[in-house]
Amino acid sequence: MLNSLKSLPRTVWLIGLISFINDSASELLYPLIPLYLTSVLLAGPKTLGLIEGIAEATSSILKLFSGYIADKTRKTKIWIVWGYFLAGFGRPLIAFANSWIWILLIRFTDRVGKGLRSSPRDALLAINVEKKHHGLAFGLHRSMDNAGAIVGPLLAAVLMAHQVPIKDIFMWAIIPGILTFILTLYLKEPHQKLPQQNIKFSWTLKGLSLTYKRYLLVVGIFTLGSASDMFLLLRARELGVSLYQIPILWASVSLVATLFSTPLASLSDTYGRKNLILIGWSCYATIFILMGFSVMSITSVFMLFALFGLFKASTEGVEKALVADMAPKGKMGTAFGWFNFMSGLMLFPASFIFGTLYESYGPHAAFNFSAICASTAVLLMTTWVFKKSKPI
């Protein structure tokens, strides 16, 4: 695996570095937003679900069209640059928010940036490596992204331990935002043999395989139960995790994901994507069943969050590698656009339903709903997605 890593193109490593720095800024703030909403702005779980739902739904729609446009124009860099610019310079504005409405608008801007960059970036990553190394490339990207998610929460924990106000911490995010933007300017468009084409957008997914369409549907079912990770942090706080430990807890998830994303995704190059995804989704169902319990030791909470890191490691890069495997020639951006659209769009009802169940019926109902969705996805992935259709 080490030799294969060394042979990966410069663009793959640069994209990984950009994600590392960007996620350092993002995750510096991410664990603090639910705390800021509930303790400073006095907003409840339902409001949190509404904010995250709208933000992610916006992102998912833009991911679809940015992927389509990247295929049509054969250009990816411009969307990546603008995407990171909006996110990097928008996030620090949370420091000036005095109501949850402003948090919603800022999260909206941040997710617009993510929507613009995600599908073109994934397409650029896939185009630059051979199919046999898709798992390795996407695994490396997720490892570096999650490494940034270690640095951010730990820095937040240090700043909070020194009693730095949360508003001041938000302002720190401007520094990595500027650096990320500068690095995107050094990305290079790939030399594609395919000329610009008059590709027409189709809501029927024309040109994509039946297996891919089934896969998208199952991803949607799984994502319906994948509420914002902020609810996990909120639940951990309710189960007795100290305020200063929350960023450390979230950093532990990223540490596990960083260590295992590359080797697990690389393993999928040899032993298949499906098995790794099934293991990850099964872990997710188990975690959410247990997090719904009313009493749990702090040690158990940390162990479940570590398992959550393994879930991320075995699925994030592998799911995208599977998309790259199934994408038709010349439609890499479109394939990633639909994948990102489906997984992102379902986060709106997911977060809103989860938040409503959480507030109205308690955490047990909300976490069990997520576990049921994950279990259903596992069943369909096992028995239906790769089932060959009978000839007519």
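Only the coordinates and a few stated rules stand behind these numbers; no lab work does. Model, not experiment: these values are computed from the prediction. With ideal geometry, Cβ positions are generated from the backbone for all residues, glycine too; neighbour counts draw on all protein chains shown.
Numbers below:
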{"item": "Folded to 0 to 90 degrees: helix 332-345 orientation relative to the chain principal axis, Cα", "result": "30 degrees"}
{"item": "Length released on extending from residue 75 to residue 303, taking residue separation times 0.36 nm less the Cα-Cα span", "result": "77.8 nm"}
{"item": "Per-selection metrics, region 273-365 (Cα): Rg and Dmax in Å", "result": "16.4, 52"}
{"item": "Estimated dipole of the chain in Debye, rounded to 20 [Cβ of Lys and Arg +1, of Asp and Glu -1, Cα centre]", "result": "1600 debye"}
{"item": "Proximal lysines relative to residue 114, as straight alpha-carbon distance under 21 Å, when same-chain residues fewer than 8 apart are discounted", "result": "63, 72, 75, 77, 188, 312, 320, 331"}
{"item": "Long-range Cα-Cα pairs in region 323-392 (distance over 16 Å), rounded percent", "result": "66 percent"}
{"item": "Cβ-based exposure ranking for 133, 364, in which fewest neighbours within 10 Å come first", "result": "364, 133"}
{"item": "On Cα atoms only, tilt of 100-127 relative to the major axis of the chain in degrees", "result": "30 degrees"}
{"item": "For region 58-124, alpha-carbon Rg over 2.2 N^0.38 Å", "result": "1.19"}
{"item": "222 nm mean residue ellipticity, helices alone, for the chain (DSSP H n ≥ 4; -39,500 (n - 2.57); rounded to 500)", "result": "-25500 deg cm²/dmol"}
{"item": "Relative contact order [Cα under 8 Å, 6+ residues apart], the chain, whole percent", "result": "30 percent"}
